[in-house]
1. When ranked by the protection proxy of mean other Cβ atoms within 10 Å per residue, highest first, what sequence do the peptides 90-101, 161-172 form?
2. How long is the gain from Arg250 to Tyr145 if the chain were fully straight, where each residue apart is worth 0.36 nm and the alpha carbon distance is subtracted?
3. Which value in nm describes the separation of the simple spin-label points at Phe93 and Lys231, placed 7 Å from the Cα toward the beta carbon?
4. Based on the Cβ-Cβ distance from Lys224 to Asp165, what FRET efficiency comes out when R0 is 51 Å, to the nearest 0.05?
5. Given a Förster distance of 22 angstrom, what is the FRET efficiency for Lys30 paired with Lys51, based on the Cβ-Cβ distance and rounded to 0.05?
6. Classify segment 4-53 as rounded, prolate or oblate, taking a ≥ b ≥ c as the square roots of the eigenvalues of its Cα gyration tensor: rounded when a/c is under 1.5, otherwise prolate if a/b is larger than b/c and oblate if not.
7. Based solely on its DSSP helices, what 222 nm [θ] is calculated for the chain when runs of n ≥ 4 H residues each add -39,500 (n - 2.57) and the sum is averaged over all residues, nearest 500 deg cm²/dmol?
8. Between Gln301 and Ser65, what FRET efficiency follows from the Cβ-Cβ distance if R0 is 22 Å, with the result rounded to 0.05?
Amino acid sequence: MRDHDDLKQFFAEAGHPAFRADQLLRDVCKRGATNYEDMSNLPVSLREVLKAQLPVLSIEEKEVSLAPDGSVRKVLLRCKKDGKKIEAVLMRFDDGRRTVCVSSQVGCAVGCKFCATGKMGFTRNLTYEEIADQVLFFVLDLKDYGEEITNVVFMGMGEPFNNYDNVMRAVRHLNDSRALGLGARNMTLSTAGVVSGILKLADEGLQVNLAISLHSPIQKLREKLMPIAAKYPLDDLMSAVSEYTKETHRRVSYEYVMLAGINDDVSLAHELGKLCKGQLCHVNLIPYNFTKGNRFKRSAQDSIDEFKRIVETYNVPITVRVSLGQGIDAACGQLAS
Ligand code: SF4
C-alpha cells in the first residue's frame, strides 16, 4: 500500500478529497481489509478505479516454508510490477515478539562471502512500497490469528544503505500512525558498513536502531570476508559510528558471525574487545548458518562461549543471538530467491 503522500496525490489527480487517503490507509492497515470489495465506505465507482490502478499490495505470495515448530515462516514473494522474487521472514519468539525480516533489494551487490544472497548478484532496488508491503503482508496474515507485528529488521536480501531513500521512506511509512504506526525504536537497519549511510542516518532524527555487520576486528580479514570493507575501511567505519553515537546518543549493535577457524580465534576476541571498549555498543555473536556452496562451518559452542567470555572482560555487552529458521534456509545470510 502506498504511503499517505502518494495516496493524497493519487486522489487529488483523480478528483477525490484528500481524506480518502486516510480512509484507505485505515481500512487496510488498521481494519485489515485485503480487497476493495470489503471497503463499503468508499463509493463503488472509486473502488473500481482503485482495483484497476492501485493494488492493495505490490507483492504477492508465491511459496511459504514453515518451521516444524511454527516459530518461523519464510515467504517467497513476487513483485507485481516485474515478477522479480524476494524473500521475507516472520519470526515468532517465545517472549511474544513477532519480528519481520524484510529485504531491501532484489539480490545484493555487496558479495559477503558467507551469504547466499551475495552469491545472487544485484538485480534492482525495491521501491519503498515493496519494502513496507513485506511487513503489511505479515500484518494482514497474522490478523487471522489475533497476533500483531512488533518489530521489523532490515536484515533480509540487500544492503539497505545502497537503497537509502526507499528504505527511509519505507521506515517513515511504517512508522506513520495513519498507517501501521510501528514504533521507530522497534525497527532495526542493518548495514555491512556503508559509511555514507551511517552518517546520513545520524541526521535523520529517527529513533531507529542501527546494526553493523562487523565479522572481524581486523581490516585484512574483514576485507576477505566482506569485499565492501576495502571501500569502507575499519578506521572510517569506526569514525562514522562515533559520529553517529555522538549525534544520536543511540547504541549501535555489532553483528559478528562465528565462522570456525576463520574469525573465532581468541586473539580476535581480544582485538574485538579492544575495538569496542568504551563504545556505546552491543555485540551480537551469530552462530553461522550453513548455505549451499559455502566452505564455512559454524564455530563450536565451546569456541563461541570462550570468545564471548573474553570480549566481556573488556566490559563490552555481548550476547549470542538465538537463531531461528535454519531448517528452512530462513536464518541470517540464508535468503535467496
Ligand atoms: S550479508 Fe547482507 S550485505 Fe552481505 S551480501 Fe548478504 S545481503 Fe548483501
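1. Taking the mean over residues of other Cβ atoms within 10 Å, the ranking is 161-172, 90-101.
2. 34.4 nm
3. That separation, rounded to one decimal, is 3.1 nm.
4. 0.95
5. The formula returns an efficiency of 0.60 here.
6. oblate
7. Value at 222 nm, helices only, nearest 500: -10000 deg cm²/dmol.
8. Efficiency at R0 = 22 Å is approximately 0.25.
The values are calculated or read from the model by the stated rules, or taken from the named source; none is laboratory data. None of the values given here were measured: they were computed from a predicted structure. Glycine also receives a Cβ, built like all others from the backbone with ideal geometry; neighbour counts cover every protein chain displayed. Each accessible area value is taken on the protein alone, full model and side chains, heavy atoms only, with ligands, DNA and RNA left out. Shrake-Rupley method; radii C 1.70, N 1.55, O 1.52, S 1.80 Å.
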